[in-house]
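Quick one: structure below, then a few questions.
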Amino acid sequence: MPEQRSTPNRRDVVRAHPLREALLGLIDRDGTTTSTVAARELGESTGSCSFHLRRLEALGLIEPVPGAVGRVKPWRRLRTEQATLNRELEDSAYATWLAAKTSDDEDFAFSEVVTLADGELAELRARLHRVLHDFIGSEPTSSSATTTTPTAVIIRAFPLHEQ
């Protein structure tokens, strides 16, 4: 029986190289980065950072920022690709969780349509980030809690356009 090989997906390729993961983390944190900034932040050479930024571009995860002039080449995430990867991860993790779910009290979901003025979507994003940040790396607030569980929190907010 011939051995079956699976083709690694983009996420596997990135996870297999810590520098690529670190570069994506830097871009996610700052919005953009250059090989010079990345080298300084990550303690790597500019050549190595430049090489791996180009590999991330070839994987379709980042792109050069349009309009950059001179030798400085800032990179940013491809937003549509990031959204697609996030949704794939969410869908896969949620399906796995649903298959193992033992109680109806283990999750909640809600949605609302709200009317926002210019700039309020950015304010909403900032507020939600602050709320979630309070839980990241913190100890559980309940003194009776003896176990902890990584929990996915998924928030999507986008303008509704008439069709």
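Bear in mind that the values in this text are calculations on the coordinates, not laboratory data. Remember, it's a predicted structure, so these values are computed and weren't measured experimentally. Cβ coordinates were reconstructed from backbone atoms using ideal geometry, including for glycine residues, and neighbour counts include every protein chain displayed.
For the pair Leu121/Ser45, report the inter-label distance in nm, with labels modelled 7 Å from Cα in the Cβ direction.
Label-label distance for Leu121 and Ser45, simple model: 4.3 nm.
Each label point is 7 Å from the Cα along the Cα-to-Cβ direction; what then is the distance between the points at Val131 and Leu78, in nm?
Modelled inter-label distance: 3.3 nm.
I need two numbers for the range 13-77: Rg to one decimal and Dmax as a whole number, Cα atoms only, in Å.
Cα radius of gyration and Dmax of the range 13-77 are 10.6, 32 Å respectively.
Taking neighbour Cβ counts within 10 Å as the exposure measure, how do Ser48, Ser35, Ser92, Ser103 sort from fewest upward? Don't skip to the end; give the middle numbers.
Details: Ser48 15, Ser35 23, Ser92 10, Ser103 6.
By the 10 Å Cβ count, ascending, the order reads Ser103, Ser92, Ser48, Ser35.
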